[in-house]
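The values are calculated or read from the model by the stated rules, or taken from the named source; none is laboratory data. Bear in mind that the values here come from a model prediction, so they are computed numbers and not experimental data. Here the Cβ positions follow ideal geometry from the backbone for every residue, glycine too, while neighbour counts run over all protein chains shown. We work out accessible area using only protein heavy atoms, side chains counted, and drop any ligands, DNA or RNA first. Shrake-Rupley method; radii C 1.70, N 1.55, O 1.52, S 1.80 Å.
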Amino acid sequence: MAEDAKDELGCPGKNSRRFPALSRCIHKSAVKVVGNQIENPVTYSFASFIDGTCPEHLSDIVRHRSKRMILDNIGVGLIGSTTHVFKIVLKYCQDLHSSARGNSHLCSVYGHKGLKLSPTLAAYVNGVAVHSMDFDDTWHPATHPSGAVLPAILSLAQMISPDKRVSGEDLLTAFNVGVEIQGRLMSFSSEAKNIPKKFHPPSVVGTMGSAAASAKLLSLDKDECTHALAIAASLAGAPMANAATLAKPLHIGNATRLGLEAAILAANGMEANSHILDDVPSCSGFSAFYGDYQTKAVDSPGKHYAFLLEKQDVAFKSFPAHLGMHWIADAAFSVRNRFAEQYGTFNPSIIRTIVLRIPDFKYIDMPYPYSEHEARHSLQFIACTALLDGEVNFRSFHENKMFRKAIHILLNKVVVEHPQDNEANFDKMYGEVSLLMKNGDIIVGNSSTFYGHWRKPLSRKSLVKKFRSNAGHVLQDDQIQCVIEMVENLESVSDGSQLPLLLQ
């Protein structure tokens, strides 16, 4: 698609016949002088990477891992389309969209057959669905890479498809461009390796990744890619204070929507600072987000280019909660099993104190959660639920489970400690649960790596089981099987716009 679309989205070409608004392309020099001349600008290297990446640059490992990410992300988006926060945002978008019924480029919404929205609004609501239960994948450095990218390119595929088919190979390439850009941007900061304190990373790098993936699918030229990234930087950012609230899913929704908007604006001729990723003295660009910002140009794509996804896999969650919860749940399951071996069935009444040894990061330290979103970010609640039930799943966050007397009794026994060697870092942290019994016995459970972490990846069987469970809340069995087959054989799909149509 890339070369044909280059003609269609560039000038001259036939794109003006398809999208008149996109035909106003601006072609200027790749590097604009801001103060002193910048040699080998980093921003332009990123634009060149977006423009130059081709399907043949994706290794077998990258293809395999990214298709797993796509399948998982679709599944969490489908079950997310049943949530309260999704319904709030969908109603808002339907009200916005009611005055634009004449738009011929309408896109589907997860779990709602026949409902169509504009491309950016569809990306927005589907992005919210993806993160509505905090069930989506997590990378290292810490961000949620898939949700910020996939809804944008699925909407864009439908927007483009009436005139030019977007193949599955095109989708796979654009997806990996969006993921790679996020990883490269996070490598600009050592702060990014640790669990965030200031802003939610996908609201920043995710917006940039969505812009990059969308620019790739639109086949923008290097200058337009530069502007798309710069525009996206002006639309990025969300504070960590909104973690554990209804507003957190908006971070992913906004990232995918605003990145898509940035690419479309760039295609329409919108310009922004061509050195947005460069470290320009006395002029903060992307460096405004990171105190220890150190830029580095990205290499040109080619057969021997190593995508970060090849070096660093993602973590998939087995239950819908913040990733840090999975260590403490794993440790709680372990100590529960040891309890059963020693005392028989689990009996909370003989426990005097529950000690959690966890990293010191405030927004997942919630002793008494009052909402499902707080519970998804409460190490105390997850530990007590795992101990009491021997499992944690999406039902664990229903009110009848959250506010049980038995859970409240256990929560009152919890003491939290922050060992110095337990770093707030998804690659280094561990979880430990100690039960101090009334008879003086101590039972300890530890977890340094849970099943689903990149060091212990889910098998295909487990990943597909999770997908079927999630998708089954919305789709029929035959639809579910079609989605699995399409994603796992994405390279052979001739019309990628058919994938989002299966998700209604």
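Brief remarks follow.
- Unsatisfied cross-links (Cα-Cα over 24 Å) in the set 91/113; 428/456; 116/461; 67/248; 91/116; 193/401: 116/461; 67/248; 193/401
- Taken about its Cα centre, segment 366-504 carries a charge dipole of about 480 debye when Lys and Arg each add +1 at the Cβ and Asp and Glu each add -1 at the Cβ.
- In this entry, the chain is assigned a mean projected area of 23.4 nm², taken as a quarter of its C-alpha convex hull surface.
- Measuring nothing but protein heavy atoms, the accessible surface of the chain at 1.4 Å probe radius is 50 percent carbon and sulfur.
- Note on residue 87 and residue 468: with the Förster distance fixed at 30 Å, the Cβ-Cβ geometry gives a FRET efficiency of about 0.80.
- Over the chain, relative contact order from alpha-carbon pairs under 8 Å, at least 6 apart, %: 21 percent
- In a simple Cβ point-charge model (Lys, Arg +1; Asp, Glu -1; nothing else charged), the chain has a dipole of about 1180 debye relative to its Cα centre.
- A Cβ-based charge dipole, computed about the Cα centre of segment 388-430 with Lys and Arg at +1 and Asp and Glu at -1, lands at about 380 debye.
- If you plug the beta carbon distance of residue 164 and residue 502 into 1/(1 + (r/R0)^6) with R0 = 22 Å, you get a FRET efficiency near 0.60.
- All other residues whose Cβ lies under 12 angstrom from that of residue 423 are scored, Lys and Arg at +1 and Asp and Glu at -1, for a net of -1.
- Using a probe of 1.4 angstrom and keeping all protein chains present, the accessible surface of the chain works out to 39 square angstrom per residue.
- In range of the label at residue 491: residues from segment 122-151 whose backbone nitrogen is under 20 Å from the point 7 Å along Cα→Cβ: none
- Percent RCO, i.e. relative contact order, over segment 229-357, from Cα pairs under 8 Å lying at least 6 residues apart: 18 percent
- Sites excluded, trypsin sites (Lys or Arg not before Pro) in DSSP loops with at most 14 other C-beta within 10 Å, longest stretch of the chain: 304-427
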